[in-house]
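Asks: First, the structure itself, so that you have it in front of you.
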Amino acid sequence: MKTLLVAFLFTVSSLSAFEYALKPVRVTSNVHCFFGAPEVMNKTNNGNIVNSCYVDAGEGYIVIDTGPSYAYAESAYNAMKKIKPLPVKLVINTHIHDDHWLGNGFFTQNGVSVVGSDDFLHNVNVHEATRMQSTISPEAYKGTEMSLPSEMISQSTRKKVGNLDVELKIIPRMAHTTKDLVVYFPKLGVLFAGDLVFNDRLPSVKGGNINGWITTLEELEAMGALHVIGGHGRNSDKNSSKMTHEYLSQMRSEIRSAIDSGMGIDETIKKVQMREYRSLKLYDAMQGGNVEASYRVLEWEQ
């Protein structure tokens, strides 16, 4: 174990020469995050569109989401070693979207345990090319493999890592994905909500369920966390979920009204513009698809 620790901390041998030049942002004395750009993935940002966070548990770090590639995870860890040269004790994946977990391999090759929901088992095909593989540069993707969580849980559980208790909460309904996982540190008052919380940009509803998502946000807000860190966006205060909650609630109300008046899906997409959100990044790319995905859920309420 000592040999493994030394190798993990100090070996420079890398599967990828690409450097993301990531800069950690201090959220609390125990938490640092790498906040991604409010953009879609491309060969310029190379998937650096997501939030990946490190929690100092005394004897080592807990990593929440490992990012879009091996090189990203390596760059993030190298930056964290400059703050405090701790080993990584545990990695947690919040959900199955590949921008959040393709960096797993950097940690698993060093024997670090990765926890995620069993949604990975049911809804990730390791034989298919990832979105990142076809979207970011080959240099940034080099060395990346589909390293799934070594521990896949089907229900909420607790762990003890160093001096911190960690609550892993499985959301019991479809929300952003089929089975989202949130991570709460009661001692710190910090909640990692994954892609249940967006800010700086519009969320993506495709593949989720607007009703389940709104219900889940209400439950998370009732927890009273001091910091709520989402999967996209830099706001990490206790009100960081407000934009996502208000956006989804307003969209649901407007779509229900359209359905009640007899509008079909195409008419509803044209009508439900919600232009007060136009200033947010990715409005043009997301709004129509969000209305369409939500309409297909809400029309069955009739």
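Asks: Do we have any residue at all in the stretch 204-225 that's touching a His at 6+ places or on another chain (Cβ under 6 Å), small (Gly, Ala, Ser) and outside any loop (DSSP other than H, G, I, E, B)?
Replies: no
Asks: Restricting to the stretch 186-197, give me the number of residues that are touching a residue at least 40 places away in the same chain (Cβ under 8 Å) and under 16 Å from GLU219 (Cα atoms). Lay out the reasoning, then the answer.
Replies: Kept after step one, since they are touching a residue at least 40 places away in the same chain (Cβ under 8 Å), are these residues of the stretch 186-197: 188, 190, 192-197.
If we keep only those that are under 16 Å from GLU219 (Cα atoms) too, we end up with 190, 192-197.
The number of residues fulfilling the criteria is 7.
Asks: Hey, can you tell me all the residues within the stretch 199-226 that are of a type in the set (Gly, Ala, Ser), under 16 Å from LEU298 (Cα atoms) and surrounded by fewer than 23 Cβ atoms within 10 Å (Cβ to Cβ)?
Replies: Within the stretch 199-226, the subset of a type in the set (Gly, Ala, Ser) is 204, 207-208, 212, 222, 224-225.
Now restrict to residues that are under 16 Å from LEU298 (Cα atoms): 207-208, 212.
The answer is GLY207, GLY212.
Asks: Same structure again: Take LYS89 and tell me if it is basic (Lys, Arg), on the phi < 0 side of the Ramachandran plot and buried (at least 17 other Cβ atoms within 10 Å of the Cβ). Let's see the steps before the verdict.
Replies: Details: basic (Lys, Arg): yes; on the phi < 0 side of the Ramachandran plot: yes; buried (at least 17 other Cβ atoms within 10 Å of the Cβ): yes.
Judged against the criteria, LYS89 is a match.
Asks: Can you find even one residue in the stretch 154-174 that is in contact with a helix residue (DSSP H, G or I) (Cβ under 8 Å, 6 or more places away or on another chain) and either touching a residue at least 60 places away in the same chain (Cβ under 8 Å) or acidic (Asp, Glu) (or both)? Steps first, answer last, please.
Replies: Of the residues in the stretch 154-174, the ones in contact with a helix residue (DSSP H, G or I) (Cβ under 8 Å, 6 or more places away or on another chain) are 171, 173-174.
Add one more test, that the residue is either touching a residue at least 60 places away in the same chain (Cβ under 8 Å) or acidic (Asp, Glu) (or both), and what stays is none.
No, the conditions are met nowhere in the stretch 154-174.
Asks: Taking the stretch 14-50 only, how many residues are touching a strand residue (DSSP E or B) at 6+ places or on another chain (Cβ under 9 Å), in contact (Cβ under 8 Å) with a residue 24 or more places away in the chain, in a loop (DSSP other than H, G, I, E, B) and closer than 22 Å to ARG131 by Cβ?
Replies: Going through the stretch 14-50 one residue at a time, the tally reaches 10.
Asks: Go through the stretch 227-236 and give me each residue that's part of a loop (DSSP other than H, G, I, E, B), surrounded by fewer than 21 Cβ atoms within 10 Å (Cβ to Cβ) and either at positive phi or touching a residue at least 60 places away in the same chain (Cβ under 8 Å) (or both). First the steps, then the outcome.
Replies: Here is the first cut: in the stretch 227-236, the residues part of a loop (DSSP other than H, G, I, E, B) are 233-236.
Filter once more, so that each one left must be surrounded by fewer than 21 Cβ atoms within 10 Å (Cβ to Cβ): 234-235.
Once the filter is applied, which keeps residues that are part of a loop (DSSP other than H, G, I, E, B), surrounded by fewer than 21 Cβ atoms within 10 Å (Cβ to Cβ) and either at positive phi or touching a residue at least 60 places away in the same chain (Cβ under 8 Å) (or both), the stretch 227-236 yields only ARG234.
Asks: Give the residues of the stretch 183-224 that are within 18 Å of HIS97 (Cα to Cα), among the aliphatic types (A, V, I, L, M) and out of contact with any helix residue (DSSP H, G or I) (no Cβ under 7 Å at 6 or more places or on another chain), sorted by residue number.
Replies: VAL183
Asks: Here's a follow-up. Name every residue in the stretch 71-103 that is in a helix (DSSP H, G or I) and either closer than 16 Å to PRO149 by Cβ or under 14 Å from the mean Cα position of the chain (by Cα) (or both), in order of residue number.
Replies: Of all residues in the stretch 71-103, those in a helix (DSSP H, G or I) come to 71-83, 98-100.
Those that are in a helix (DSSP H, G or I) and either closer than 16 Å to PRO149 by Cβ or under 14 Å from the mean Cα position of the chain (by Cα) (or both): ALA73, ASP98, ASP99, HIS100.
Asks: Further, regarding this structure: Looking at the stretch 107-142, which of its residues are polar (S, T, N, Q) and in contact with an Asp or Glu (Cβ under 8 Å, 6 or more places away or on another chain)?
Replies: Filtering the stretch 107-142 for residues polar (S, T, N, Q) gives 108-110, 113, 117, 123, 125, 130, 133-135, 137.
Matches in the stretch 107-142: SER113, SER117, THR130.
Asks: How many residues are among the small types (Gly, Ala, Ser) and without any contact (Cβ under 8 Å) to a residue 40 or more places away in the chain if we restrict to the stretch 237-254?
Replies: Kept after step one, since they are among the small types (Gly, Ala, Ser), are these residues of the stretch 237-254: 240-241, 249, 253.
Next cut, without any contact (Cβ under 8 Å) to a residue 40 or more places away in the chain only: 249, 253.
Selection size over the stretch 237-254: 2.
Asks: Which condition from (1) outside any helix (DSSP H, G or I); (2) surrounded by 15 or more Cβ atoms within 10 Å (Cβ to Cβ) is the one that ASN239 breaks?
Replies: Exception for ASN239: condition (2).
Asks: Of everything in the stretch 245-302, what is more than 29 Å from the chain's Cα centre (by Cα), loosely packed, with under 14 Cβ neighbours inside 10 Å and outside any helix (DSSP H, G or I)? Give them in sequence order.
Replies: SER261, GLY262, GLY264, GLN302
One line per residue, one yes/no per condition, for (1) at pLDDT 95 or above; (2) closer than 19 Å to TRP101 by Cβ:
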site	(1), (2)
MET1	no, no
ALA17	no, no
LYS23	yes, no
GLY36	yes, yes
THR44	yes, no
TYR54	yes, yes
VAL63	yes, yes
MET80	yes, yes
ILE83	yes, no
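The values are calculated or read from the model by the stated rules, or taken from the named source; none is laboratory data. For clarity, every value in this text was computed on a predicted model and none was experimentally measured. FYI the Cβ positions are ideal-geometry reconstructions off the backbone, even for glycines, and counts take in every protein chain you see.
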